[in-house]
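Structure first, commentary second.
The values are calculated or read from the model by the stated rules, or taken from the named source; none is laboratory data. The structure presented is a predicted model; accordingly, all values stated were derived computationally and were not measured. Backbone-built Cβ (ideal geometry, glycine too); neighbour counts: all protein chains shown. Heavy atoms of the whole protein, side chains included, go into the accessibility calculation; ligands, DNA and RNA do not. Shrake-Rupley method; radii C 1.70, N 1.55, O 1.52, S 1.80 Å.
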Amino acid sequence: MRGEFAYAMTRPERERQRFAPIDIKEETLMTSQADAGRPSRLLRNLSAKIASIPMMLTAVVIFLGGTLWTVVYSFTNSKLLPRLSYVGLDQYERLWAAPRWVVSIQNLAIYGFFTLVFSLVMGFVLAALMDQKIRFENTFRTIFLYPFALSFIVTGLVWQWILNPEFGIQSVVRSLGFTGFTFDPLYDSDIVIYGILIAGLWQGTGLVMCLLLAGLRGIDEDIWKAARVDGIPVWRTYLFIVIPMMRPVFITTLVIIASGIVRVYDLVVAQTSGGPGIASEVPAKYVYDYMFQAQNLGQGFAASTMMLVTVAIIIVPWAYLEFGGRRRG
Amino acid sequence: MKLRSLAAVMAATVVLPLAAAQATDLEVTHWWTSGGEAAAVAELAKAFDATGNKWIDGAIAGSGGTARPIMVSRITGGDPMAATQFNHGRQAEELVEAGLMRDLTDVATRENWKEIVKPSSLLDSCTIDGKIYCAPVNIHSWQWLWLSNAAFEKAGVAVPKNWDEFVAAAPALEAAGIVPLAVGGQPWQAAGAFDVLMVAIAGKDTFYKVFKDKDAEAAAGPEIAKVFKAADDARRMSKGTNVQDWNQATNLVITGKAGGQIMGDWAQGEFALAGQIAGKDYTCLPGLGVNEIISTGGDAFYFPVLKDEEKSKVQDVLAATLLAPETQVAFNLKKGSLPVRGDVDLAAANDCMKKGLEILAAGNVIEGTDQLLSADSQKQKEDLFSEFFANPSMTPEDAQKRFADIIASAD
């Protein structure tokens, strides 16, 4: 029954439900364009619209206002306290000349790429395995999701100990007799970012699994039956039928993973504090360090503006394709 | 004895006006959290509680780099504590300029700080536009090399008397499975070690030329090239330290797992806490045994402007208490730092502190980098040296070039 209900709705309808706030904007737009003879559109669900005013105000004033403020002050030479004395692009020039910033961007790219790939692949494989009507599914689900209940700081500290050469994996393996064994990613500049990646995956994959499992459960049983009747192997059913049908779930998951990647900070602080040297620095940490430790707000704002621009470069074309295309059609 | 009675009188001036007033709670924030530091700050709290008020301890763990942003955001965010630690110098400069810090000139005049605070550069660092905004509590010098006698014994070499001997002894230490030089992973440790090498190897004049006059040519010159050469040695010797915090690195020296550490005299508190005796268990070389000059940076307390008048009054009491002779002695003995006043008796001081006091008395002092450079320049320097120490493929020449760039744009 559950499957039928989900299937009874057309895709746009389901997505409209999911993106309710956008819908409101669309509606107001449409109403203003529509003939004046139908004022009821604007007043429909009036209480719901009133209820969402505080959140809209928060979004506009705090998110948008704060963003604009940050961008404006990134063109100033503000030190400890914000000050409106413009210096043009100086902060940005200094930013891109700083080796630490360049390393941060590279690290974020590596971390981001592998987190995206591995957490989606591993998450989906785990979800697909869970979907085989196995025994003790609840238990396994809890075990896999459990790391997500820990904060990044705790995760980072746990993995700092596990990867510590004197107490962790290396020492355990050495005590088994393999005295030449070396495994100290957190103390090797070349691979330290992968040490952080391991911890990030350990923490985040469970959530991806749960989201995708929910998506898999939303696939109608009849699809499976039809595929079986047609003699399509299970893996092909997953790859060519089920995954395309789970597109909305994948997009939600992607957004959640991506936002986690861009803001990665506490994991690095807990595991390596950016070390050895500057080998595991990330942009968010650069922003914080320069805003507060170096007491140079202008530099920090420039760095955070660059982060915003990077995100925008990725999000805008995608959003255009995703939403712009549909509106035309 | 004269000193004692003087002290008693001074203490009385502090205590008497308060006997009548009721106890007021003052929240004091600081980043003194290692064992030796916590013991020292307890002395300050005890002295302040004795004035009939109450010290509410607001320790923030994780060294100054973590604590300062929290302190600054509390002050700028309108939730100021009653008093807070900063390194005196330029860290709180803008807060003072923005009028967020209380003017202590009255207390300073009453307590005659101008006369008693030695060297006077300490008070100068607290002075902005002729007004005094902070109470210095101790002198910390960076220029010390701490050596583990046990480690050298194990390696079968004599305990070095200067930096060059130490470098020469490094292979023997390594052969015995000992890390020659412990350098923790926190960025300020690498940057600090470099500053120390600079004073020891290039001397006071070059140090001032680079950090005070911001002379980028000098920073790119041959004198500094020698310093980078030494830093390269230090980098090689520090390989395999694998700890983060400075006190963990000091602990490697205490336990004989590392040969030595370049660290400020605050490390002494850790040795004392571990029950080690200067000269017997460990050796200290001021100025790396090359150039016996110490810097006179240190800690100071700033007092944010408060709305509560009662508390504002008690802030003055706290300021006076911090500089009272007994407080100075009790605090600095535990902390391993030197007192800010030249007129107190440190008979209980150990060998290393006595060496420091002698150098101080002889006037072989320089200002600390916290006093000379802005936090921004300091941070860039930290980024450079933490990279340099962690990345063996970075040549001293490249690093020097980047160092000169930082100095050129420093403020």
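Among the residues examined, A:Leu163 does not qualify as within 14 Å of chain B (Cβ to nearest Cβ), over 30 Å from A:Ala128 (Cβ atoms) and surrounded by 15 or more Cβ atoms within 10 Å (Cβ to Cβ).
Right, A:Val264: more than 14 Å from the chain's Cα centre (by Cα) and surrounded by 16 or more Cβ atoms within 10 Å (Cβ to Cβ) or not? So A:Val264 fails the test. Of all the criteria given as (1) at pLDDT 95 or above; (2) surrounded by fewer than 16 Cβ atoms within 10 Å (Cβ to Cβ), the one not satisfied by A:Glu137 is (1). Mind checking which residues of region B:98-114 are surrounded by 19 or more Cβ atoms within 10 Å (Cβ to Cβ) and away from chain A (no Cβ under 14 Å)? Hits for region B:98-114 are B:Arg102, B:Leu104, B:Val107, B:Ala108, B:Glu111, B:Trp113. The requirement of being open to solvent by less than 10 Å² (accessible area, probe 1.4 Å) and either within 14 Å of chain B (Cβ to nearest Cβ) or of a type in the set (Lys, Arg) (or both) is fulfilled nowhere in region A:235-257; no residue meets it. Could you say whether any residue in region B:386-402 is within 14 Å of another protein chain (Cβ to nearest Cβ), in contact (Cβ under 8 Å) with a residue 60 or more places away in the chain and open to solvent by 50 Å² or more (accessible area, probe 1.4 Å)? So far as region B:386-402 goes, yes, one or more of its residues are within 14 Å of another protein chain (Cβ to nearest Cβ), in contact (Cβ under 8 Å) with a residue 60 or more places away in the chain and open to solvent by 50 Å² or more (accessible area, probe 1.4 Å). For B:Asp411, the conditions (1) facing chain A (nearest Cβ under 8 Å); (2) in contact (Cβ under 8 Å) with a residue 12 or more places away in the chain are fulfilled apart from (1). Here B:Asp376 fulfils each of the conditions (1) within 14 Å of another protein chain (Cβ to nearest Cβ); (2) open to solvent by 10 Å² or more (accessible area, probe 1.4 Å); (3) part of a helix (DSSP H, G or I) apart from (2).
Looking only at region B:109-167, residues that are more than 30 Å from B:Arg341 (Cα to Cα) and either in a strand (DSSP E or B) or among the hydroxyl-bearing types (Ser, Thr, Tyr) (or both) come to 1 in all. Would you say A:Gly300 is touching a residue at least 40 places away in the same chain (Cβ under 8 Å) and either touching a strand residue (DSSP E or B) at 6+ places or on another chain (Cβ under 9 Å) or open to solvent by less than 50 Å² (accessible area, probe 1.4 Å) (or both)? Against the criterion (touching a residue at least 40 places away in the same chain (Cβ under 8 Å) and either touching a strand residue (DSSP E or B) at 6+ places or on another chain (Cβ under 9 Å) or open to solvent by less than 50 Å² (accessible area, probe 1.4 Å) (or both)), A:Gly300 does not qualify.
Enumerate the helices (runs of 4 or more DSSP H) found wholly within region A:39-126, keeping only those where 3 or more residues are under 23 Å from the mean Cα position of the chain (by Cα), away from chain B (no Cβ under 14 Å) and crowded, with 16+ Cβ neighbours inside 10 Å. Please lay out each step first, then the result.
On the way: elements: A:40-43, A:46-57, A:66-73, A:90-97.
Output list is empty.
Can you confirm whether A:Gly168 is open to solvent by less than 40 Å² (accessible area, probe 1.4 Å) and within 14 Å of another protein chain (Cβ to nearest Cβ)?
Working: open to solvent by less than 40 Å² (accessible area, probe 1.4 Å): yes; within 14 Å of another protein chain (Cβ to nearest Cβ): yes.
Taking the combined requirement at face value, the residue satisfies it.
The residue pairs whose first member lies in region B:91-102 and is more than 18 Å from B:Ile70 (Cα to Cα), whose second member is among the polar types (S, T, N, Q), and whose beta carbons are closer than 9 Å, counting only pairs six or more residues apart or on different chains, are B:Arg102/B:Ser312; B:Arg102/B:Gln315. Give me the residue from region A:278-290 that is facing another protein chain (nearest Cβ under 9 Å) and open to solvent by 10 Å² or more (accessible area, probe 1.4 Å) and, out of that set, nearest to A:Ile198 (Cα to Cα). In this case the residue turns out to be A:Ala279.
Per-residue answers, yes or no, for (1) closer than 25 Å to A:Leu150 by Cβ; (2) modelled with pLDDT of 90 or more; (3) not hydroxyl-bearing (Ser, Thr, Tyr):
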residue	(1), (2), (3)
A:Gly260	yes, no, yes
A:Val268	yes, yes, yes
A:Pro283	yes, yes, yes
A:Gln293	no, no, yes
A:Leu297	no, yes, yes
A:Gly300	no, yes, yes
A:Ala312	no, no, yes
A:Tyr320	no, no, no
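Condition check for B:Lys161 on (1) surrounded by fewer than 16 Cβ atoms within 10 Å (Cβ to Cβ); (2) closer than 28 Å to A:Thr272 by Cα; (3) touching a residue at least 60 places away in the same chain (Cβ under 8 Å): one failure, at (2).
Screening region B:319-372 for helices (runs of 4 or more DSSP H) wholly inside it with 1 or more residues that are surrounded by 22 or more Cβ atoms within 10 Å (Cβ to Cβ) and in contact with a Pro (Cβ under 7 Å, 6 or more places away or on another chain) returns the ranges B:325-335, B:351-362. Looking only at residues in region B:171-203 that are under 21 Å from the mean Cα position of the chain (by Cα) and assigned to a loop (DSSP other than H, G, I, E, B), the one that is surrounded by the most Cβ atoms within 10 Å (Cβ to Cβ) is B:Ala182.
Among all positions in region A:187-195, there is at least one residue which is open to solvent by 60 Å² or more (accessible area, probe 1.4 Å), of a type in the set (Val, Ile, Thr) and either touching a strand residue (DSSP E or B) at 6+ places or on another chain (Cβ under 6 Å) or assigned to a loop (DSSP other than H, G, I, E, B) (or both).
Residue by residue, here is whether (1) open to solvent by less than 20 Å² (accessible area, probe 1.4 Å); (2) away from chain A (no Cβ under 11 Å) holds:
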{"residue": "B:Glu27", "(1), (2)": "no, yes"}
{"residue": "B:Trp32", "(1), (2)": "yes, yes"}
{"residue": "B:Lys54", "(1), (2)": "no, yes"}
{"residue": "B:Ser63", "(1), (2)": "no, no"}
{"residue": "B:Thr76", "(1), (2)": "no, no"}
{"residue": "B:Thr84", "(1), (2)": "yes, yes"}
{"residue": "B:Glu93", "(1), (2)": "no, no"}
{"residue": "B:Val96", "(1), (2)": "yes, no"}
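You will find that of B:Ser125, B:Ser120, the residue that is polar (S, T, N, Q), under 24 Å from the mean Cα position of the chain (by Cα), crowded, with 20+ Cβ neighbours inside 10 Å and not assigned by TED's automatic domain parsing to the domain that holds B:Leu384 is B:Ser125 and no other.
Among the residues of region A:211-232, is any open to solvent by 20 Å² or more (accessible area, probe 1.4 Å), part of a loop (DSSP other than H, G, I, E, B), at pLDDT 90 or above and aliphatic (A, V, I, L, M)? Yes, region A:211-232 contains at least one residue that is open to solvent by 20 Å² or more (accessible area, probe 1.4 Å), part of a loop (DSSP other than H, G, I, E, B), at pLDDT 90 or above and aliphatic (A, V, I, L, M). Exactly one residue out of B:Leu197, B:Leu173 is assigned by TED's automatic domain parsing to the domain that holds B:Lys381, under 20 Å from B:Pro286 (Cβ atoms), out of contact with any Phe, Trp or Tyr (no Cβ under 7 Å at 6 or more places or on another chain) and not hydroxyl-bearing (Ser, Thr, Tyr), and it is B:Leu197. Within region A:171-186, restricting attention to residues that are part of a helix (DSSP H, G or I) and open to solvent by 70 Å² or more (accessible area, probe 1.4 Å), the residue that is nearest to the other protein chains (Cβ to nearest Cβ) is A:Arg174.
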